[in-house]
Structures are given as C-alpha cells and as structure tokens.
Amino acid sequence: MARNVDCETYLQPLGVCAGITPFNFPAMVPLWMFPLAIACGNTFVLKPSEKVPLTALVLAELLEKAGLPKGVMNVVHGGRECVDALLTHPKVRAVSFVGSSPVARHIHETGTRNGKRVQANGGAKNYIVIMPDADVSRTVEAISTAAFGCAGERCMAGSTAIAVGKSGDVILPQLVDAARSIKVGRTDSTMSQPDMGPLITGAHRDRVEGLVEGGKDEGATLACDGRGVKVPGAPNGFYLGATVVDNVHETMAIAREEVFGPVLNVMRMEDLGMAIETTNRSAYGNGASIFTSSGAAAREFKHRVKAGMVGINVGVPATMAMFPFTGWDASFYGDLHIQGREAVQFYTQQKVVTARWFGGAVGDVWRQ
C-alpha cells in the first residue's frame, strides 16, 4: 500500500434544482425541498400547483425579507408546458416532485432522459390491518384521522382498513359513528371551525363520488354515505362527507385506485397472512399499518409487508424530517428519497480528493 496518502470526501452543490409540488400541502411539501437544497448550496426553482399558486409566493417573499439573496429562490407558474420546460432545461440539475403516480412516472422518465437527478413521489393506497386484539377506541380514533384527515386528499391517507377475524364486527359500528360525527363546513366561516372542508374541485368530488357508487354497484355496502352533504352558505361547494364502504374486495375499482377523498374502504380477512398478501398485491407502496397488542403479529407484519413506511398502532406512518419519505413501487420513482440524509445526497455531488506529499519541498516553498 502507498504511504502518506490522504483521502477526503467533499459534498458540493449541484447548481439549479427544481421542485414541482401538489395542491394539497402548498407549504409543507415545498418545505421538504427548498430548505435542504438551498442549505446544500444550490439555487431553487419552485413550480407549485396551478390550483394553489399563492402560498409559494408568500414563501418566496418571506425568504427575501429574511435576507436570502435574489435569485436563490425562484417561483414559476404554469401547467404541463412549464413542467416540461424544467425537465428539459440544460441548467436544471435535479428535480423533486410530489403528486400522482402517472405524472411522477412521466417526470422521472423525462427528467432522467435529459440527464437530471429525479425524485418523484406518486400516489398510494395505504392499508391498515386491524387485529382482533387491537385497542378498539384508540384504533377507531387513529383510523378516523388517517382516513378522513385533510378530507382524504393526501398520499398517506389510510384509505383501506382490513379487519381480521371478528374485529370488523366490533370496530365497524364505531368507525361509522366516528365518520358521522365529523363536521363538514366552510373553513372561512366566522362560526366554529369544521372538522373537514371541501375537496379541491367539483370535478374531483364527482370522481370520488363515482368511485363510491361504483363500489356499491360491484357489491360493496355503504355503511356511511357522505354524499349529498349540505353546508349552510355554500350550496355549490365541493363537499363530501366522511364515507365508509364495507365488504370491499380487491378486484373493485374503489379498492384498486387511489380515491384521494374522505372514503374508508373496509375489507374482511380471516387471518394476518391473508391481510399481508392483499396489502402486498397493491401496485403502490407508500405506507401500511397494523393495530395489535401482539408483538409477534407486529414483527411479522413489519418484516413481510411491502411498503416503505410502516406503522405499528400508528394510523399515518409518515416520517419525521430526519428520516426519508420512503415510498416503494408505484409510489416512488427514483433512487434517493425526499427528506433525511438521502435528501442531502440528492442535492449534492461527491468529490473525493487523494493527496500525497513528498519530502519538505512544498513546505519550503510555502515558507518562502
């Protein structure tokens, strides 16, 4: 081996990075991206959803007021033509995306074809397995939040509950009661704030209602129907109440597709093995959770289930910022995930320096 050799690794910025973000979390998702990108020494271009254009501008204004030099944080608006311009521009080195799986696939394929790093988070179909020994009241509370929080418009929504054994007969009535107690209303009202507001557009509400009706036509049971909810002062609002669909089978469209609305599917399985196998047949792989008092069941679930984020007695197993947001399969396209150490790797490139010095000649020149 060579002697007196030093090796050092440096992380250096890429240059221009871009973020393409969805409507449902117009502040949080960009905050997954640009703080780390800028902290790593890059400039950033944020392209928010055209449905929610203002939050991105406020974020940029706050950064400017805080003293960030002009040109470090940039905001552009537009639709697909704007996205494709970022994906093909020669100065953009890396692209981060959160949205639906078809768009995530397009962004990954187009961006990588143009020589860019891409992390593209897609949709999901997150399963929650309920074992007969689960704590019923806490499970109901967690599933209600997971399924109906944010009106179900989030990629970590717990949209499908698999009741194992007799747990369905015990927990379903309480899930229905919890769904019916959720108050739907205007978030801009001066009266008491509702538990859930409208969906993003009328077209999206109609799509969700169509999936619910399709499930009913295919043999599912509407245990709680949130369609037709009336909100005072908003007769034309895009509202849908919390909905529980029982006796769902995985062949149904409502079971296969990401609903992205306040709809909870309930399946019935005989044992944990069947529940895991059903979960693993999903095209997606964002999150999966189990509610149980058994350490053995939890251990089997966490090792066998095919999902990037696993919860044990946790309804929404979304990670904290120091851990990566690790979707699998059709829920993620790329190699390095958003957040955590992987995000630092994504926004930097490594430089390795190998150095060897002979004698004292260099030192003598330095002293002169």
remark   = Counting only residues in segment 300-359 that are touching a Ser or Thr at 6+ places or on another chain (Cβ under 8 Å) and polar (S, T, N, Q), the one nearest to MET131 (Cα to Cα) is identified as ASN313
task = Report, by residue number, each residue of segment 274-320 that is part of a helix (DSSP H, G or I) and surrounded by fewer than 17 Cβ atoms within 10 Å (Cβ to Cβ).
result = MET274, GLU277, ASN280, GLY295, ALA296, ARG299, GLU300, LYS302, HIS303, ARG304
note = Going through segment 346-368 in order, the residues found to be over 30 Å from PRO324 (Cα atoms), at pLDDT 85 or above and of a type outside the set (D, E, K, R) are THR354, ALA355, TRP357, PHE358
task = Answer yes or no: is there a residue in segment 134-144 that is assigned by TED's automatic domain parsing to the domain that holds GLU277 and in a loop (DSSP other than H, G, I, E, B).
result = no
Check on GLU64, exposed (fewer than 14 other Cβ atoms within 10 Å of the Cβ), among the charged types (D, E, K, R) and within 23 Å of the chain's Cα centre (by Cα) = no
task = Would you please name the residue that is nearest to TYR347 (Cα to Cα), looking only at residues in segment 87-117 that are over 19 Å from the mean Cα position of the chain (by Cα) and polar (S, T, N, Q)?
result = THR112
request  = Check off (1) buried (at least 19 other Cβ atoms within 10 Å of the Cβ); (2) touching a helix residue (DSSP H, G or I) at 6+ places or on another chain (Cβ under 9 Å); (3) at pLDDT below 95 for ASP195 and give me the number that stays unchecked.
outcome  = (1)
key: Test: ALA161 is within 26 Å of the chain's Cα centre (by Cα) and either part of a helix (DSSP H, G or I) or farther than 17 Å from ALA223 by Cβ (or both)   = no
Residue pairs meeting the criteria (Cβ under 7 Å; at least 6 apart or on separate chains; first farther than 14 Å from ASN236 by Cα, in segment 201-215; second part of a helix (DSSP H, G or I)) = LEU211/ALA253; LEU211/ILE254; VAL212/ILE254; GLY214/ALA253; GLY214/ILE254; GLY215/ILE254
request  = Would you check if there is a residue in segment 80-91 being among the β-branched types (Val, Ile, Thr) and touching a Ser or Thr at 6+ places or on another chain (Cβ under 8 Å)?
outcome  = yes
inquiry  = Based on this model, can you work out whether PHE301 counts as of a type in the set (A, V, I, L, M, F, W, C), free of Cβ contacts under 8 Å to residues at least 40 places away in the same chain and on the phi < 0 side of the Ramachandran plot?
reply    = no
task = Scan segment 81-99 and give yes if some residue there is in a helix (DSSP H, G or I) and of a type in the set (S, T, N, Q), otherwise no.
result = yes
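What is the residue count in segment 145-187 for residues that are among the hydroxyl-bearing types (Ser, Thr, Tyr) and either crowded, with 24+ Cβ neighbours inside 10 Å or not assigned by TED's automatic domain parsing to the domain that holds GLY261 (or both)?
The number of residues fulfilling the criteria is 2.
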Selection status of LYS116, crowded, with 21+ Cβ neighbours inside 10 Å and either without any contact (Cβ under 8 Å) to a residue 24 or more places away in the chain or charged (D, E, K, R) (or both) = yes
query = Mind checking whether some residue in segment 224-242 is surrounded by fewer than 19 Cβ atoms within 10 Å (Cβ to Cβ), in a helix (DSSP H, G or I) and either touching a helix residue (DSSP H, G or I) at 6+ places or on another chain (Cβ under 9 Å) or basic (Lys, Arg) (or both)?
reply = no
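The values are calculated or read from the model by the stated rules, or taken from the named source; none is laboratory data. What you are looking at is a predicted structure, and each value in this text was computed from that prediction instead of being measured. Virtual Cβ from ideal backbone geometry, glycine too; neighbours counted across all protein chains shown.
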